[in-house]
Amino acid sequence: MKITLRVWRQHDAADAGGFRRYELGDLSADTTLLEALDVLNEGLVERGEPPVAFDSDCREGICGACGVVVDGRPHGPMPGTTTCLLPLRAFRDGSTVTLEPFGTGVFPVVCDLVVDRSALDRVVQAGGYVSVRTGSAPDAGAVPVARQTAERALDAAVCIGCGACVAACPNGAASLFVGAKLAHLAELPQGQPERARRAQALVAAADREGFGACTLHGQCQAACPKHIDLGVIARLNREYLATSLARWWHRGG
Amino acid sequence: MILRDTAPTGPLATRWQRHRNDLALVGPTRRRRFEIVVVGAGLAGASAAATLGELGYRVRCLTFHDSPRRAHSVAAQGGINAARDAANDGDSIERLFHDTLEGGDFRARESNVYRLAELSARIIDQAVAQGVPFAREYGGQLATRSFGGALVSRTFYARGQTGQQLLLGAYQALAKEVAGGNVTVLARREMLDLVVVDGRARGVIARDLVSGALETHMADAVVLATGGYANAYFLSTNAKASNATAIWRAYRRGAALANPAFVQFHPTCLPAAGTQQAKLTLMSESLRNDARLWVPTRPGDGRRPEAIPAAERDYFLERRYPRYGNLVPRDLGSRAVKTVCDEGRGVGPGGRAVYLDLADAAARVGADVLRERYGNLFELYEHVTGDDPLQVPMRVAPAAHYTMGGLWVDYDLMTTIPGLFAIGEANFSDQGANRLGASALMQGLADGYFILPSTLAGYLAGASLASASEDGQEARAARADVRARIEVLLALSGRRTASDFHRALGRVLWDACGLERHHDGLAKAIAEIAALREAFWQDVTVPGGPGELNQELEHAGRVADFLELGELMCRDALARDESCGCHFRIEHQTPDGEAQRDDDAFAHVAVWTPGAPGRDPRRLVEPLAFAALPLQDRSYR
């Protein structure tokens with residue numbers, strides 16, 4: 001296959017950046033887009049030019065490191081697919097493919113296609129966990145968990161933290177990410193004691209980081225490589241509203 | 001060099017508790033005076049950093065990823081072993097101990113393996129309490145499945161993404177401690193050297209991968225949780241960035257490395273296709289609960305799999321190993337695959353793969369049940385190959401996957417440098433010459449949650465540590481070494497890329513130090529790798545500068561270390577003139593083609609230290625004693 005990559009190049013955060021075009025030939029349709037970038041980069045290095053910087057690690061869609069906006073869509077045109085698993089057969093032979101970083105105000109560009117997604121870590125640090133000290137856990141068999149409950153929790157817990165939902169959202173909202181974490185832990189008995197505090201803390205942290213408000217465009221769901229759906233945002237709203245009302249009530253209305 | 005065995009003697013079942021009782025403690029108010037650097041944030045690193053933070057130590061956790069949630073533990077698929085006898089099929093701590101030691105072909109320490117089995121149940125308690133959504137039975141109890149080398153069902157799982165869920169548990173525990181102020185996570189930092197002061201590990205030199213700045217992180221103890229080195233083979237199931245630099249830099253500063261030749265080849269990975277492929281993808285061993293491996297009985301049979309009738313299929317694992325069938329340990333599985341491919345019966349392009357067939361299971365339990373068990377694996381397979389594995393059998397082949405070798409540690413998980421600890425895959429301690437499936441997650445978390453926090457306190461309580469400063473002579477010298485090396489790499493402007501050298505090294509290692517090894521091949525490989533290393537330091541090219549994000553510079557530094565480690569792997573394989581577990585010297589096999597151990601000469605750990613400048617590395621031995629489980633031939637037939 002032949003393909004032209006139109007790639008965003010930006011030396012560092014301060015650089016204005018711009019697109020550069022690179023033509024690649026002799027590619028197999030089974031080659032992934034990131035392997036095509038590997039081929040491009042090896043050629044650039046041989047010529048003494050700086051290669052295109054991009055994040056990627058596991059190359060099997062689970063670590064969440066990779067993430068490129070491909071022809072305007074985070075992770076590209078195949079549903080349920082991370083950039084690292086996107087094969088070139090998803091594109092027409094001879095076509096031009098545009099690669100841009102996951103740019104939103106909250107994910108500043110570090111270099112070329114690499115962005116800073118540390119805001120997502122800070123949201124989790126605000127309360128996206130169960131406060132259990134090592135060694136203090138009760139017997140794992142003590143509390144039964146219905147099979148479908150565990151499955152529903154896992155459906156939300158599969159989030160890989162890639163940030164595609166934020167990159168896809170016209171508002172730059174992180175509601176799918178936040179909702180997935182809340183849904184995962186609120187579903188399980190172990191998540192109950194901190195449930196109310198968690199909902200309030202994560203929403204507040206997302207606001208603090210500058211993520212936008214959700215207006216249910218649904219672009220996040222379309223971009224999510226792990227099929228996490230808008231149900232988790234409904235869950236987020238329910239968790240947040242219920243705990244807000246309870247707080248209001250306890251304060252005496 | 002002294003290889004201290006710090007394990008107590010006496011009854012195996014109470015050794016760990018007796019040792020814990022004897023370890024000195026650090027009081028809660030005194031803990032905050034100690035600074036600990038943990039390098040790596042996978043299962044071992046994150047669980048250790050979080051637990052040390054809970055205890056009140058001041059912890060800095062370095063990761064080269066942009067977030068600790070991305071460590072390669074995330075890619076572990078099938079499950080985690082624990083001796084809970086949940087299936088009422090006769091499991092026990094003793095049984096897990098026995099299986100692990102035998103699975104490792106009697107090349108691990110009894111004390112360590114027993115402790116691992118003993119702690120396994122508590123890991124599940126901890127993970128469930130954190131909200132890890134393990135698979136459940138309809139009655140709400142934890143579900144299990146079977147893995148290779150076991151006749152019981154003791155593997156706990158969350159679909160085919162158990163590693164991800166356990167890592168998120170540890171990552172969230174770490175996030176809790178970051179919020180509490182006891183742990184600082186330093187992301188996008190790569191450790192490039194160890195600072196040793198008065199013979200003790202007192203800090204690391206790290207490069208900020210965004211700014212290129214060299215940082216010195218001084219500490220009272222350093223914990224390496226930096227994973228394995230299977231990427232030395234270039235193509236492996238490891239993530240692209242997984243590397244040996246942290247353990248290799250520690251080795252160069254005097255920490256001994258044990259059994260570097262012990263590398264696990266996983267039998268069921270997606271076969272390599274083409275030259276542009278960046279890495280290999282694993283298909284979980286758990287599939288073999290339901291899948292059957294087969295090849296055509298006739299060499300060169302080019303028919304499509306569905307056109308080959310049952311009578312003309314060779315279910316070679318079931319034939320060779322009737323007791324364990326498709327669930328033999330990985331070393332046996334991989335070699336059996338190689339054997340049938342060498343006979344000309346392999347399938348797929350190049351004939352180096354075998355079928356992994358789910359059709360019988362689909363007919364028995366239905367496709368929906370299989371999707372529930374392995375859904376994300378089927379999806380991954382389809383992404384990579386374009387085939388639905390419930391319609392067409394998977395094609396799988398062995399690939400480098402895990403390294404049982406690693407930094408030598410004592411029972412306290414401390415290396416030969418006092419104050420330097422190694423946990424998880426980075427150490428050598430528990431897996432012997434072959435790791436059983438679903439035991440890596442168990443070991444990483446046992447080390448991080450339970451063992452290290454106790455033994456580290458024992459060290460700190462007893463050590464009188466003088467103050468050490470980043471302006472001290474040792475730290476300055478280490479920084480200068482790192483800076484000089486970076487400058488040399490950038491100044492070479494040769495003609496070949498680091499990837500080109502990495503691929504060349506991978507080919508040498510795969511041929512000489514892969515599934516089969518022999519004397520002449522290894523001797524030749526040692527010379528070839530030395531020549532390759534020399535060529536690297538003359539002809540590699542690394543564009544860009546030191547003070548910026550420079551991923552090519554990162555890779556070149558890692559390849560330079562693989563070029564040294566690769567030679568040591570071959571030296572170790574050459575010196576171990578026997579076969580055991582993964583280490584199959586074709587000179588030493590039984591009449592039916594199994595590994596032939598030589599317990600009189602090699603029932604020991606091979607421990608390597610750098611020789612004097614210009615001299616070969618030195619090989620020491622730590623003898624292994626087997627009392628609870630006497631040495632015997634492995635039998636899976």
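So what is Rg over Rh here for the protein assembly as shown, counting just Cα atoms and using Kirkwood for Rh? Show your work: numbers first, answer last.
Working: Rg = 25.9 Å, Rh = 27.6 Å.
That ratio is 0.94, to two decimals.
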Using 14 Å as the cut-off for backbone N distance, which residues of the range B:74-102 belong to the label zone defined by a point 7 Å from the Cα of residue B:137 along Cα→Cβ? B:84-91
Once the mean of 1/r over all distinct C-alpha pairs in the range B:473-598 is inverted, the Kirkwood radius in Å reads 16.3
Spatial separation of Cα centroids for the range A:1-76 and the range B:13-87, in angstrom: 36
Scoring only Lys, Arg, Asp and Glu (+1, +1, -1, -1) among other residues with Cβ under 13 Å from the Cβ of residue B:538 yields +1
Assuming 0.890 mPa s and 25 °C, estimate D for the range B:506-562 with Stokes-Einstein, Rh taken as the Kirkwood radius over Cα pairs, in µm²/s. 188
Projected area of the range B:546-637, taken from the Cα convex hull and averaged over every viewing direction, in nm²? 10.2
Built amide H within the under 5 Å cut-off of residue A:110, gap 5+: A:115, A:116
Dividing the mean separation of Cα pairs under 8 Å (6+ apart) by the residue count of chain B yields a relative contact order in percent of 20
Using 0.36 nm times the number of residues separating residue B:464 and residue B:530, minus their current alpha carbon distance, what extension gain do you get? 19.6 nm
Compute the distance in nm between two label points, each set 7 Å from the Cα along the Cα-to-Cβ direction, one at residue B:367 and one at residue B:306. 1.1
Below 8 Å, C-alpha to C-alpha, sequence gap of six or more: please give me the relative contact order for chain A in percent. 19
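List the equivalent ellipsoid semi-axes of the range B:268-398 in whole Å, largest first, each obtained as the square root of 5λ for an eigenvalue λ of the Cα gyration tensor.
Details: eigenvalues 80, 69, 45 Å².
Equivalent-ellipsoid dimensions as semi-axes: 20, 19, 15 Å.
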The range B:178-329 - Rg over Rh from alpha carbon coordinates, Kirkwood radius: 1.15
Semi-axis lengths (Å, descending) of the ellipsoid that matches the C-alpha gyration tensor of the range A:180-229: 22, 17, 7
Which whole-number percent of Cα pairs in the range B:1-147 have a distance greater than 27 Å? 38
Suppose a student asked you for the relative contact order of the range A:3-111, using Cα pairs under 8 Å spaced at least 6 residues apart; what percent would you report? 33
One finds, for residue B:388 and residue B:589 with R0 = 35 angstrom and r their Cβ-Cβ distance, a FRET efficiency to the nearest 0.05 of 0.35
So what's the convex hull volume per residue for the Cα atoms of the range B:306-355, in Å³? 85
Dimensions (Å) - the range A:3-111, Cα atoms, principal axes, largest first: 37, 34, 23
Quick check: the distance between the Cα centres of the range A:120-137 and the range B:268-306, to the nearest angstrom? 40
At q = 0.14, 0.16, 0.26 Å⁻¹, base-10 log of I(q)/I(0) for the range B:88-132 (Debye sum, equal scatterers on each alpha carbon): -0.39, -0.49, -0.88
Could you give the spread of the C-alpha atoms of chain A along their three principal axes, from largest to smallest, in whole angstroms? 67, 39, 35
How large is the Kirkwood hydrodynamic radius of chain B, in angstrom, based on all distinct alpha carbon pairs? 24.8
When we measure straight from the Cα of residue B:176, which lysines land under 21 angstrom away, once same-chain ones fewer than 8 places off are left out? A:181
Please report, to one decimal in angstroms, the Kirkwood hydrodynamic radius of the range A:49-90 built from all distinct Cα-Cα pairs. 10.9
Assign unit charges at the C-beta atoms only (+1 for Lys and Arg, -1 for Asp and Glu), then state the dipole size of the range B:552-612 relative to its Cα centre in Debye, rounded to the nearest 20. 80
Take every DSSP beta bridge whose two residues both sit in chain A, then give the antiparallel share in percent to the nearest 5. 75
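Please state the charge dipole magnitude for chain B, taken about the Cα centre, from unit charges on C-beta atoms (+1 on K and R, -1 on D and E), reported in debye and rounded to the nearest 20.
Approximately 760 debye in magnitude.
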Could you give P(r) for the range A:117-250, binned at 10 Å from zero, as whole percent values over all Cα-Cα pairs? 13, 43, 33, 10, 1
Grab the eigenvalues of the alpha-carbon gyration tensor for the range A:88-176, scale each by 5, take roots, and send me the semi-axes largest first in whole angstrom. 36, 20, 12
dims of the range B:331-392, Cα set, principal axes, largest to smallest, nearest Å -> 36, 24, 20
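Would the range B:118-259 count as rounded, prolate or oblate if I go by the C-alpha gyration tensor, calling it rounded below 1.5 in a/c and otherwise prolate when a/b exceeds b/c, oblate otherwise?
Since a/c reaches 1.5 and a/b is larger than b/c, the shape of the range B:118-259 is classed as prolate.
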What does DSSP give for the protein assembly as shown in terms of the percent of beta bridges that are antiparallel, rounded to the nearest 5? 70
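Every number in this text was worked out from the coordinates using simple rules, so none of it is lab data. The structure presented is a predicted model; accordingly, all values stated were derived computationally and were not measured. Methodologically, a virtual Cβ is constructed for each residue, glycine included, from the backbone with ideal geometry; neighbour enumeration extends over all protein chains shown.
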